[in-house]
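Worksheet: one structure, shown below.
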Amino acid sequence: MDRNYLMAIDQGTTGSTVQILDLEKLGTQQLIAKNTVNFTQHYPKTSWVEHDLNEIWTSVQKASQQAIKIAENIDSNFSAKKIKGIGIANQRETLCIFSRKTSEPLRRAIVWQCKRSMAICEELRKGGYGPFVQDKTGLLLDPYFTGSKILWTLRNDPEIKQKLSNGTAVLGTIDTYLISRLSHSKVFATEASNASRTLLFDIKKGEWNLELLEIFGLKNTASLAQIHDSASKIAYTKGLDFLPDGIPICGVLGDQQAALAGQTCFKKGEVKCTYGTGAFLLLQLGEELLRSHHGLLTTVNWSLEGTLSYSFEGSTFIAGAAIQFLRDNLNMIDSAAETAALADNIMAAPEIYFVPALSGLGAPWWNPNAKGAFFGLSRGSQKNQMIRATLEGMTFQVYDLLEAMKKDYNEKLEVLRVDGGASANNLLMNIQANIADLKVERPNNLETTGYGAALFASLGLGIYSKVEELYKLRQVEREFHPDTADGYKTTRLAQIKGWKKAIEAVQVFSAKD
């Protein structure tokens, strides 16, 4: 039997991962090959983060070439000519500015973590724009999102401003840049989940909003990509040396929405958390556009046949990056894999806490000025306690998001579905189940962002006709249950009480005089 394949490109904050999946086995042994290529993080100033778009494109090319080579060696049936569709999942909010004609970058990308536009956000808040922006976009005025990065660039780079004005330059998020590159600059496109993270998109009408454009310095939509359905034939490969011409790019999602799809969270009330550089919690709302009153965002999941669906989203900016901080900055560990053994059967909270506010605090606090901190250290404190406190800090942040979601959603949450690299840490997942007091489910495939992009590519190809057909593909590898031992409830309440003091303390410390 002749078999066909999908390629999933997961373009993340620190690297690009390409998967080759068997189209006929998306629910079982679907992964044929995978390769990841990392790229440099650039920090030109304190709290500024940039990416070189040429490095990103090179990482996608190399990861694709290596994944194809691996697949050829493993599967005698495979060839690149049998790739029937491409799905893309990408880091969101990152601003890309490039040549309309050639797709060549015109400056480094300004990454979602970058805080350079803090003053602009404060200026707009003082100008009274916050309620309007939140009503139209579901988002807050925060440097996290693309719009403030656009306005900063227009104010600080006259050459870019001129090129955007005369039409020789265009801007977009990473998906737009990759589509342009893959199509040999023939298609300039995005889709609803990425567009919804820019502060320029009306999440009710599903289109660019001219009033929002004006707030962020744009006169019209000429420099913005055309918005497509998330599962549709958006573009076709052309002029690449690693892929044949004519392969449709037919499933595109922002990475967190892709993870939601990869976890098959299609029913209202289903919730997932992805533990990557940060931790990102999404609660599926279906087609009902609800507003948060507890510091969450309302974001678009995707657009299918012109219909939008929504989620509550809570983002913490530092999760797995906290472990990297222990390794690279504090030299406490040699690898992330050590943390489970070093921190097991160790007590941290309610004595020692770590607040991972290394890039400010995201939801539900939204304090970009906050700084990370250890609390409760004494002469007797041990390194292993600090490692344990770091793991717990990650889970306390997710606890805060879950509590906010319970208040906004007003219904009980049954299960937390988890994915991302850090979710492979069994100790971390046990701690999360205990702190959240929820059953935690981990899937067979932790690479749910790429997998979700592949599932949407299969929708775009017409292999599946609706998302409900994808439920049967979900496979759970392990469940983690809250501790039911006598006395643990009291311990948990004491831990949470101490965490609330710690999270308040970092904000008091960072408050402006």
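The values are calculated or read from the model by the stated rules, or taken from the named source; none is laboratory data. It should be emphasised that the depicted structure is a prediction, and the values quoted were computed from it without experimental measurement. So basically every Cβ, Gly included, is an ideal-geometry build from the backbone, and we count neighbours across all protein chains shown. To get the accessible areas, we keep the full protein, side chains included, count just its heavy atoms, and leave off ligands, DNA and RNA. Shrake-Rupley method; radii C 1.70, N 1.55, O 1.52, S 1.80 Å.
Does at least one position in region 91-101 carry a residue that is small (Gly, Ala, Ser), assigned to a loop (DSSP other than H, G, I, E, B) and open to solvent by 10 Å² or more (accessible area, probe 1.4 Å)? Working first, answer last.
Within region 91-101, the first condition is being small (Gly, Ala, Ser), and the residues that meet it are 99.
Checking which are assigned to a loop (DSSP other than H, G, I, E, B) leaves us with none.
No, every residue in region 91-101 fails to be small (Gly, Ala, Ser), assigned to a loop (DSSP other than H, G, I, E, B) and open to solvent by 10 Å² or more (accessible area, probe 1.4 Å).
Scanning region 382-431 for residues being under 13 Å from Pro364 (Cβ atoms) and either aliphatic (A, V, I, L, M) or out of contact with any Ser or Thr (no Cβ under 7 Å at 6 or more places or on another chain) (or both) gives a total of 11. For Val440, are the conditions met, namely being touching a Lys or Arg at 6+ places or on another chain (Cβ under 6 Å), assigned to a strand (DSSP E or B) and crowded, with 19+ Cβ neighbours inside 10 Å? No. Put simply, of Leu282, Leu297, Leu289 the only residue that is without any contact (Cβ under 8 Å) to a residue 40 or more places away in the chain and at negative phi is Leu282. Looking only at region 487-503, residues that are within 26 Å of the chain's Cα centre (by Cα) and surrounded by fewer than 15 Cβ atoms within 10 Å (Cβ to Cβ) come to 1 in all.
Do we find that Thr484 is open to solvent by 20 Å² or more (accessible area, probe 1.4 Å) and either under 23 Å from the mean Cα position of the chain (by Cα) or β-branched (Val, Ile, Thr) (or both) in this structure? Give the steps one after another, and end with the answer.
On the way: open to solvent by 20 Å² or more (accessible area, probe 1.4 Å): yes; either under 23 Å from the mean Cα position of the chain (by Cα) or β-branched (Val, Ile, Thr) (or both): yes.
Taking the combined requirement at face value, the residue satisfies it.
The single condition from (1) in contact with a helix residue (DSSP H, G or I) (Cβ under 9 Å, 6 or more places away or on another chain); (2) part of a strand (DSSP E or B) that Tyr310 fails is (1). When Leu473, Leu461, Leu455 are checked against the criterion of being of a type in the set (A, V, I, L, M) and in contact with a Cys (Cβ under 7 Å, 6 or more places away or on another chain), Leu461 stands alone in meeting it.
When each of Ser292, Ser315 is tested for being in contact with a strand residue (DSSP E or B) (Cβ under 9 Å, 6 or more places away or on another chain), in a loop (DSSP other than H, G, I, E, B) and buried (at least 17 other Cβ atoms within 10 Å of the Cβ), the lone residue that passes is Ser292.
Number of residues in region 405-432 that are out of contact with any Phe, Trp or Tyr (no Cβ under 8 Å at 6 or more places or on another chain), part of a helix (DSSP H, G or I) and farther than 24 Å from Leu342 by Cβ: the value is 2.
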